[in-house]
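Engineer: The following block contains the structure, expressed as structure tokens.
Values in this text are rule-based calculations from the coordinates and carry no lab data. Every value quoted in this text rests on a predicted model; they were computed, and no experiment measured them. Neighbour counts run over all protein chains shown; Cβ positions are idealised from the backbone, glycine included.
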Amino acid sequence: MSRNPDISAASSANEDVVRFDNVSLRYGRGPEVLRGLSFALRPGSFHFITGPSGAGKSSLLKLVYLGARASGGGIRLFGQDLARLTADQRPAVRRRIGVVFQDLLLLDHLSAFDNAALPLRIRGARASEYRSDVAELLAWVGLGARMHAMPATLAGGEKQRLAIARAVVNRPDILLADEPTGNVDPDMALRIYRLFVELNRLGATVLIATHDQDMVARSGRPALHLDGGALTVRAPQGAAP
Amino acid sequence: MSESFDPARWRPAPLLPATEARDGGLVFVVTVLCFLACLTALGVIAADRAARGWSGQLAGEATVIVRAKAGETPDAAAARAAETLAGVTGVVEARALEKEKAYDLVRPWLGDIADLEDLPVPRLVAITLDPRAPPNAEMLDKALKAQGLDAVVDDHSVWIKDIRRAADTVRWAGAAIFLLIAAAAGYVIAFATRAGLAARRDVVEVLHLSGADDGYIARLFQIRFAQLAAVAGLIGAVTAGIVGAALRLAGGGQGLTPALPVAWIDLLAVVPCPLLAAVVATVVAHRTALHLIRALQ
């Protein structure tokens, strides 16, 4: 295991935001996609998940955002054992997690503004309470001039930033991103990365799955490396850009 | 562009797409079902009124067949019977019918023969009874026998029982048809909810992963289908109301036919239709959506 203080199998379960203990995952009766994963993330930490295609990066994220259930082992989020959560308790946990999905999952019949405001609506906030915050956030991610646009009319990078805005609008405790820079040019990738760093500085625990080894190397952040369903932890490789 | 978008004036858009191509088909089918349900309700109300009218008429009347004894003319026997019956408590009026009425009753069997008047045809006495305290056939019979009259009392009880049985049958049949139509409407809405969820699985998934609970998502579909059903119910009810009004106008005061008299007030029966349709849709869509959302997990 790494000596990084953010990743520790021995840290107190109550202090960890995410804790995996010998977790495995298989879909249906298929082969194990993940096996024996054990790691813990401390609050405010920033990690990448790396590995070749099919290594299980997205599956690991799915387990964290409650998009799949582990077939073995135990997962704790915010100190709560996911296996013991009732169906009524799971939405509250989900609301503490912001996710930038690999395929973005923007709602095509809603404007950029409505898409970004979605988690706040779900939380039950009144429009008057969050209008200005959403507008400010969209301006911050560079979509100030595209608030009314429908997703189909947005460029790839704009969609990506909209998905990020939606993921962070609720000020989540955990921010997950699955290949957030996969479809954008290097300049945009850098901007997006800096956005995540800024959110991390504001207190969010960040976990990003990526193929972009350069970004990982330049970031100076630790990485959870997946290969063949197994996990190894890689210490920071360089300085932050 | 951005100049035209003012966040301060922004209002949340519906989380489900406002219109879907298949909504038109759903509204049409539910409209037809609501129309049929309203017509059934109007038919049952009219049939019930007709049955009440007939049984009320029959219960308020009785007929006595008087046969003259030797030494007494049929007319004299009928007059004496009428006088006797008029004195019975609960009899409002007793009237000996003209002999022509009696002949009219037998003419279909005997034909229009010349010497019909020579036949000993029994005379009829029509009695009007007090509907609040009508005497029964036994009391009338006793009074007639006390006066030595050979008479048979028909208080129409056999007919009244038949009419009441027929009215009950119509009521139950109407209720069964109404429930069948409501069940069909519920099934159509459940089917549409399933199709809606399947088509908008992306929305369900995003809402779910964004922290919406099952009830929140189910309510979106519930509201959508309740609105559609209310619109369909309104169209169906208005159409049925127009048909009912046409039936009323076509038949004057008795409706289309005296057998099925539609009254203006009956048209109020269609008023709850939109609400009922929305309630059925709400319950069915909520349960279906909840079941499907849980199955998705």
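Engineer: Please work out the FRET efficiency for the pair A:SER132 and A:GLU198, using the Cβ-Cβ distance as r and a Förster radius of 25 Å; give the result to the nearest 0.05.
Structural biologist: Numbers: r = 19 Å, r/R0 = 0.78.
Between A:SER132 and A:GLU198 the formula returns 0.80.
Engineer: OK, next. Please give the length that would be gained between A:TRP140 and A:GLU15 if that part of the chain were fully extended, namely 0.36 nm times their separation in residues minus their C-alpha to C-alpha distance (nm, one decimal).
Structural biologist: This chain segment gains 41.9 nm when fully extended.
Engineer: Amide H to amide H under 5 Å from B:ARG123: which residues, 5+ apart in sequence or cross-chain, H placed 1.01 Å off N in plane?
Structural biologist: B:VAL66, B:ALA68
Engineer: Restricting things to Cα coordinates, could you compute the convex hull volume per residue of chain A in Å³?
Structural biologist: 128 Å³
Engineer: Calculate how steeply helix B:273-296 sits against the longest principal axis of the alpha-carbon atoms of chain B, using the helix alpha-carbon long axis, and give the answer as 0 to 90 degrees to the nearest 10.
Structural biologist: 40 degrees
Engineer: Rounded to a whole number, what is D in µm²/s for the protein assembly as shown from Stokes-Einstein with the Kirkwood radius over alpha-carbon pairs (25 °C, 0.890 mPa s)?
Structural biologist: Once the numbers are plugged in, D ends up at 81 µm²/s.
Engineer: Report, to the nearest 10°, how far helix A:112-123 tilts away from the longest principal axis of the Cα atoms in chain A, using its own Cα long axis and a range of 0 to 90°.
Structural biologist: 60 degrees
Engineer: Can you list the lysines whose alpha carbon is less than 20 Å from that of B:LYS145, not counting same-chain residues fewer than 8 positions off?
Structural biologist: B:LYS69
Engineer: Still on this structure, please answer the following. As I understand it, the value is the acute angle between the Cα axis of helix B:137-146 and the longest principal axis of the Cα atoms of chain B; what does it come to in degrees, rounded to 10?
Structural biologist: Helix B:137-146 sits roughly 10 degrees off the main axis of chain B.
Engineer: Show me, for segment A:154-167, the HN-Hα J-couplings you get by feeding each phi into the Karplus relation (A = 6.51, B = -1.76, C = 1.60, θ = phi - 60°), rounded to Hz, glycine and proline as x.
Structural biologist: Result, ordered by residue: 8, 6, x, x, 5, 4, 4, 5, 5, 4, 5, 4, 5, 5 Hz.
Engineer: Another question, then. Can you give the calculated 222 nm mean residue ellipticity of the protein assembly as shown, where each DSSP H run of n ≥ 4 adds -39,500 (n - 2.57) and the sum is split over every residue, rounded to the nearest 500 deg cm²/dmol?
Structural biologist: The helix contribution divided over the protein assembly as shown gives -16500 deg cm²/dmol.
Engineer: How about segment A:100-179: which trypsin sites (Lys or Arg not before Pro) there are in a DSSP loop, with at most 14 other Cβ atoms within 10 Å of their Cβ?
Structural biologist: Hits after loop and neighbour filter: A:ARG126.
Engineer: Follow-up question, since we're still on this one. Fewest Cβ neighbours within 10 Å first, please rank A:LYS62, B:LYS142 accordingly. Provide the component values of the computation, followed by the final result.
Structural biologist: On the way: A:LYS62 23, B:LYS142 13.
Ranking A:LYS62, B:LYS142 by Cβ neighbours within 10 Å, fewest first, gives B:LYS142, A:LYS62.
Engineer: What's the percent breakdown of Cα-Cα distances in segment B:143-188 across 10 Å bins, shortest bin first?
Structural biologist: Binned Cα distances yield the sequence 22, 22, 19, 14, 11, 7, 4, 0.
Engineer: Loop only by DSSP, 15 or fewer other Cβ within 10 Å of the Cβ. Give me the trypsin sites (Lys or Arg not before Pro) in segment B:48-105 that pass, ordered by residue number. Present the calculation step by step, with values, prior to reporting the outcome.
Structural biologist: Details: sites: B:ARG49, B:ARG52, B:ARG67, B:LYS69, B:ARG80, B:ARG95, B:LYS99, B:LYS101; in loops: B:LYS69.
Listed in order of number, the matching sites are B:LYS69.
Engineer: What fraction of the DSSP beta bridges in the protein assembly as shown is antiparallel, stated in percent and rounded to the nearest 5?
Structural biologist: Within the protein assembly as shown, antiparallel bridges account for around 70 percent of the total.
Engineer: On to the next question. For A:LYS159, go through the lysines and keep the ones whose alpha-carbon is under 23 Å away, minus same-chain ones fewer than eight residues off.
Structural biologist: A:LYS57, A:LYS62
Engineer: Please enumerate, by chain and number, the aspartates and glutamates with C-alpha under 16 Å from the C-alpha of B:LYS161, excluding those fewer than 8 residues away in the same chain.
Structural biologist: B:ASP48, B:GLU61
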